[in-house]
Amino acid sequence: NGPEERTIPGNALSVHPDLPFRGLERFGVSFLSRFEGSQLPSSVLRSVTLVDTPGILSGEKQRVNRGYDFTKVVAWFAERADLIILLFDAHKLDISDELKGAIDVLKGHEDKIRCILNKADQIDRQQLMRVYGALLWSLGKTMSSPEVARVYVGSFWQEPLVTMDNAQLFEDEERDLMRDLAILPRQSAVRKINELVKRIRKVKALAYIIGHLKAQMPTLMGKEKKQQKLISNMPNVFRTVMKKYNLAPGDFPDINSFSDKCKETKFSEFSTLSNKQIEELDTVLNVDIPKLMEELPSEKDTPETLRAKMASSNLSTNVNVPVPTRSDKFGKRSNQHESNPFGYGQDDEDHFWALQDSADRLRNNFEDLGPRGGFLSTETAREVLVKTGLSKDELRKIWNLSDIDRDGYFDFDEYVVAMFLCDAVIQKGRPIPSELPASVVPPSKRSLVKKDMGDF
């Protein structure tokens, strides 16, 4: 995001003080001359930066030299990215050697990976089943993770679908993907802490390995011979360190790449293991980071604490993520009232709610009561009604009318109905109706009311 639309060359990006690309200098001018950034004023880009890689080469094109190590660049970005998207076309599912190499360097970041099967509207339903299965089979052979990767299926551009066989599926998939992208900024703090913990554990394991290798070296003679013996016996070195310090295997570096790097160093020049520094790392893991986690929103927080935390991190307490919709893309007629900020009119009987203004006004009051999972407990709802000063018989009737789904809890819509009925009795002196008027029943509950009337 920026004040004006412009393109920044890669060499300038790598030295820009406000952008996180300084580490790309290690890949040299050959890469930086092919790297560039685009900046434009956009509310979306205020909290998200999108990185697009060049197309993966396949067939004879794989022999063309890019001029830089593509997989190492991918690995650099993967370590810093919050989400990694692998894009496949429905007509091109082959995984080339270059793509396999890129997926291999994503090891350890499987939780960030999402896959997209694009242009799926260009094939019919039966072909889509085959293509989807073939993609999962190919990914299963390529990705070492036992979990199945999340694959979004659809046609991810603004044009209408070519075939409408799977229009509803594609619409749901696009909505899920947009929601996945929309919540990224909200989860950034947790992911940063997660990466910090991961790095500390790896540093701790590496420090123990280096300390062990240093301790095995002779003082005067035979240093080179001893180093070669240790490198060739690296699996046993790893096992010894793991058992001695009770470390997890996942915290250790890749043994092959580590052994290769060890050949370029001298073990005798390593520093001895510092127990003080290890203790400091343990303090960060066991004391500092738990304190940091307490600053994040938690289900144990009171409404006041939660609101303060969310405000300090510029987050909204609204769990609904605004997702762009294009119903015409999926062959549906656009609802002219769907995005109207003034709501539905009385002429739209299916969507109009007479209490919508009250609902907007009561939202903060409902949140202050500390709902769990969107519901007020029976005790909390009872206390709210008792404070109105109405008689027990009146409150019983109001409860029966408000608890439309008969679950003993108040969700937000039912809370609004209850407050409306209390206000009608107290402020306007109206009698409690025997049943709710149709316009007062929340749209989300009307199917329940119709079912009860049918059963009656």
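Among the residues of the stretch 388-412, those identified as in contact (Cβ under 8 Å) with a residue 24 or more places away in the chain, open to solvent by 30 Å² or more (accessible area, probe 1.4 Å) and part of a helix (DSSP H, G or I) are GLU394, LYS397.
When the stretch 26-59 is filtered for residues that are within 29 Å of the chain's Cα centre (by Cα) and part of a helix (DSSP H, G or I), the ones remaining, listed by number, are VAL44, LEU45, ARG46.
If we scan the stretch 248-263, do we find a residue that is in a helix (DSSP H, G or I), of a type in the set (A, V, I, L, M) and under 35 Å from the mean Cα position of the chain (by Cα)? Checked the stretch 248-263: at least one residue is in a helix (DSSP H, G or I), of a type in the set (A, V, I, L, M) and under 35 Å from the mean Cα position of the chain (by Cα). Among the residues of the stretch 227-247, those that are without any contact (Cβ under 8 Å) to a residue 24 or more places away in the chain, over 17 Å from ALA205 (Cβ atoms) and in a helix (DSSP H, G or I) comprise GLN228, LYS229, SER232. For the stretch 424-444, taking the residues that are open to solvent by 70 Å² or more (accessible area, probe 1.4 Å) and either of a type outside the set (Gly, Ala, Ser) or within 24 Å of ASP348 (Cα to Cα) (or both), the one that is modelled with the lowest pLDDT is identified as SER444. Evaluation of ARG175 against the conditions (1) closer than 30 Å to ALA90 by Cβ; (2) at pLDDT 90 or above; (3) basic (Lys, Arg) shows that the sole unmet condition is (2). Per the listing THR71, THR7, the residue uniquely in contact with a Ser or Thr (Cβ under 6 Å, 6 or more places away or on another chain) and either of a type in the set (Val, Ile, Thr) or open to solvent by 60 Å² or more (accessible area, probe 1.4 Å) (or both) is THR7. Taking each residue of the stretch 420-445 that is without any contact (Cβ under 8 Å) to a residue 24 or more places away in the chain and in a loop (DSSP other than H, G, I, E, B) and looking for partners that are open to solvent by less than 40 Å² (accessible area, probe 1.4 Å) and of a type in the set (A, V, I, L, M, F, W, C) with beta-carbon atoms closer than 7 Å, six or more apart or interchain, yields ARG430/ALA424.
For the stretch 10-25, a residue qualifies if it is open to solvent by 80 Å² or more (accessible area, probe 1.4 Å) and not in a helix (DSSP H, G or I), and the qualifying residues are PRO17, ASP18, PRO20. Taking the criterion of being at pLDDT below 90, out of contact with any Lys or Arg (no Cβ under 9 Å at 6 or more places or on another chain) and surrounded by 11 or more Cβ atoms within 10 Å (Cβ to Cβ), would at least one residue in the stretch 314-323 satisfy it? Within the stretch 314-323 (the criterion being at pLDDT below 90, out of contact with any Lys or Arg (no Cβ under 9 Å at 6 or more places or on another chain) and surrounded by 11 or more Cβ atoms within 10 Å (Cβ to Cβ)), the answer is no, since none of the residues qualifies.
If you filter the stretch 78-126 down to residues that are among the aliphatic types (A, V, I, L, M) and part of a loop (DSSP other than H, G, I, E, B), you find that the one that is surrounded by the most Cβ atoms within 10 Å (Cβ to Cβ) is LEU106.
Taking every residue in the stretch 261-274 that is open to solvent by less than 100 Å² (accessible area, probe 1.4 Å) and pairing it with any residue that is in a loop (DSSP other than H, G, I, E, B), at least 6 positions away or on another chain, the pairs with Cβ-Cβ distances below 6 Å are PHE267/MET217; SER268/MET217.
Among residues that are free of Cβ contacts under 8 Å to residues at least 40 places away in the same chain and either in contact with a His (Cβ under 6 Å, 6 or more places away or on another chain) or not in a loop (DSSP other than H, G, I, E, B) (or both), ASN65 is not included.
Only one of the numbered conditions (1) in contact with a strand residue (DSSP E or B) (Cβ under 9 Å, 6 or more places away or on another chain); (2) within 27 Å of GLN187 (Cβ to Cβ); (3) modelled with pLDDT under 85 is violated by VAL153, and that is (3).
The values are calculated or read from the model by the stated rules, or taken from the named source; none is laboratory data. For clarity, every value in this text was computed on a predicted model and none was experimentally measured. Here Cβ is always computed from backbone atoms with ideal geometry, including for glycine, and neighbour counts include all displayed protein chains. To get the accessible areas, we keep the full protein, side chains included, count just its heavy atoms, and leave off ligands, DNA and RNA. Shrake-Rupley method; radii C 1.70, N 1.55, O 1.52, S 1.80 Å.
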